[in-house]
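One structure is given below, encoded as structure tokens.
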Amino acid sequence: MDRRFDEVIEKMRQERKFLVVSHVNPEGDAVGSLLGLALALKGMGKDVTAYLEDPVPGIFTFLPGADSVVHDLEGRGPFDCTFAVDCGKKDRLGKGFVDLKGPGCIINLDHHTTNDRFGDINVIMPKASATGEVIYDLCKAASMKITPEIAVNLYVAIHTDTGSFRYSSTTPESLIKAGELLKMGVDPWEISTRVYENYPARRFKLLAKVLSTLEVVKLNSGSQDTDIATLVVTLDMMRNSEAGVDLADGFVNYARGIEGVEVGVLFRECGPGEYKLSFRSKKDVNVSSVANALGGGGHAHAAGAVMKGTLEEVKAKVVEAIKKEISAAGKV
């Protein structure tokens, strides 16, 4: 039996009223893990509230339970227990949750190596490809029935966080679990078309503007794959394209996908003099170290941070931090 979840399972059996939350600007793993766990708890007969500060991204509104997510916690507490999923820092759960009185025992379920263990109970599994894997293991350890609706959510969580099983985070275990979820009723073609081939035209109008900002910083090191590529998303671009922030998700991969580039960075303007940074690396450069140095966190090949300053100031600091990490990796 998997003993990592003993405390969690005891709380699940003892308590009645649960809150399940995930981070601001949620992506596939956050939404799939949140909904999968919320449905599993409801299957136990629990009173469950699923909360996100931001809207569920349009491409994930098809997920079972997505229409039950609330975005305001006023008058909903107190709770016996809160599950925080796929979030490395408490403040990234959003102001609505941070200001909540009466969250109860906070159970922190995650797979980020940079998680700061903010929960009363913490189950952090860095070897898991996605938090969806952690929820899958919890369901199995607790002998909870994984319905087809839960399976779809957990499959989307794993599928998206592994980049359709392309990223280095993909493991034999993640593929085995994905295979088991298929047996439970998931249609992989339907999921792929819903998630990757169902975008509104305004996403591509925004992408056209973003690609025009492409810059490649060449380090002239003599080694392959040491360049840095950057892309920028401004508030004006999103306004003019009538596109929300969720439609910029994944744009950073266009920067990483360039020949000779080791690290791609997306600078997304999120307010006056403030930028959300998304880092992606190909091989040897640990971008979570870069993100940590800049106040953020994440994984070795995918990380993020928020910085204040002009775009030029922020870019200069970021590029310098990446250069140091490339040098530390022995590529320069």
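The values are calculated or read from the model by the stated rules, or taken from the named source; none is laboratory data. Every value quoted in this text rests on a predicted model; they were computed, and no experiment measured them. As a convention, Cβ positions derive from the backbone with ideal geometry for all residues, glycine included, and neighbour counts pool all protein chains shown.
Here are some notes:
- Contact annotation: residue pairs with Cβ atoms under 8 Å, 6 or more positions apart or on different chains, pairing a residue in segment 285-298 that is under 14 Å from ASP116 (Cα atoms) with a partner that is assigned to a helix (DSSP H, G or I), are GLY297/SER288; GLY297/ALA291; GLY298/VAL287; GLY298/SER288; GLY298/ALA291.
- Candidates ASN108, ASN115 - the one that is out of contact with any Ser or Thr (no Cβ under 7 Å at 6 or more places or on another chain) and at pLDDT 95 or above: ASN108
- Taking the criterion of being outside any helix (DSSP H, G or I) and either in the same structural domain as HIS299 (by TED's automatic domain parsing) or touching a helix residue (DSSP H, G or I) at 6+ places or on another chain (Cβ under 7 Å) (or both), the only residue of segment 148-163 that qualifies is THR162.
- Residues being touching a strand residue (DSSP E or B) at 6+ places or on another chain (Cβ under 7 Å) and at pLDDT 95 or above - total across segment 218-247: 8
- When the helices (runs of 4 or more DSSP H) confined to segment 219-332 are screened for residues that are more than 28 Å from PRO200 (Cβ to Cβ), those reaching at least 1 such residues are found at 287-293, 311-328.
- Checked against (1) on the phi < 0 side of the Ramachandran plot; (2) modelled with pLDDT of 95 or more; (3) assigned to a loop (DSSP other than H, G, I, E, B); (4) out of contact with any helix residue (DSSP H, G or I) (no Cβ under 6 Å at 6 or more places or on another chain), ARG76 meets all criteria but (2).
- Qualifying residues in segment 257-281 (those that are among the β-branched types (Val, Ile, Thr) and under 14 Å from VAL318 (Cα atoms)) - the one surrounded by the most Cβ atoms within 10 Å (Cβ to Cβ): VAL263
Each row is one residue, and each column tells you yes or no for (1) surrounded by 16 or more Cβ atoms within 10 Å (Cβ to Cβ); (2) under 29 Å from PHE165 (Cβ atoms); (3) of a type in the set (Phe, Trp, Tyr).
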{"position": "VAL8", "(1), (2), (3)": "yes, yes, no"}
{"position": "ARG13", "(1), (2), (3)": "no, no, no"}
{"position": "PHE18", "(1), (2), (3)": "yes, no, yes"}
{"position": "PRO26", "(1), (2), (3)": "yes, yes, no"}
{"position": "LEU34", "(1), (2), (3)": "yes, yes, no"}
{"position": "GLY45", "(1), (2), (3)": "no, no, no"}
{"position": "ASP54", "(1), (2), (3)": "yes, yes, no"}
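- Condition met for ASP86 (crowded, with 16+ Cβ neighbours inside 10 Å and within 23 Å of HIS299 (Cα to Cα)): yes
- Single residue of segment 282-304 satisfying the filter (of a type in the set (A, V, I, L, M) and crowded, with 23+ Cβ neighbours inside 10 Å) that is nearest to the chain's Cα centre (by Cα): ALA303
- Candidate set: segment 130-160, residues that are out of contact with any Cys (no Cβ under 9 Å at 6 or more places or on another chain) and among the charged types (D, E, K, R); chosen: the one surrounded by the fewest Cβ atoms within 10 Å (Cβ to Cβ): LYS140
- Qualifying positions in segment 100-142 - free of Cβ contacts under 8 Å to residues at least 24 places away in the same chain and either closer than 24 Å to PHE79 by Cβ or touching a strand residue (DSSP E or B) at 6+ places or on another chain (Cβ under 6 Å) (or both): ARG117, ASP120, ASN122, ILE124
- Candidate set: segment 41-73, residues that are β-branched (Val, Ile, Thr) and part of a loop (DSSP other than H, G, I, E, B); chosen: the one farthest from ASP246 (Cα to Cα): VAL69
- Test for GLY304: is it over 19 Å from ASP227 (Cβ atoms) and at pLDDT below 95: yes
- Among the residues here, ASP91 does not qualify as charged (D, E, K, R) and either buried (at least 21 other Cβ atoms within 10 Å of the Cβ) or at pLDDT 95 or above (or both).
- Pick from segment 161-179, criterion of a type in the set (Val, Ile, Thr) and within 21 Å of PRO26 (Cα to Cα), ranking: surrounded by the fewest Cβ atoms within 10 Å (Cβ to Cβ): THR170
- Those residues of segment 79-102 which are among the acidic types (Asp, Glu) and part of a strand (DSSP E or B), in sequence order: none
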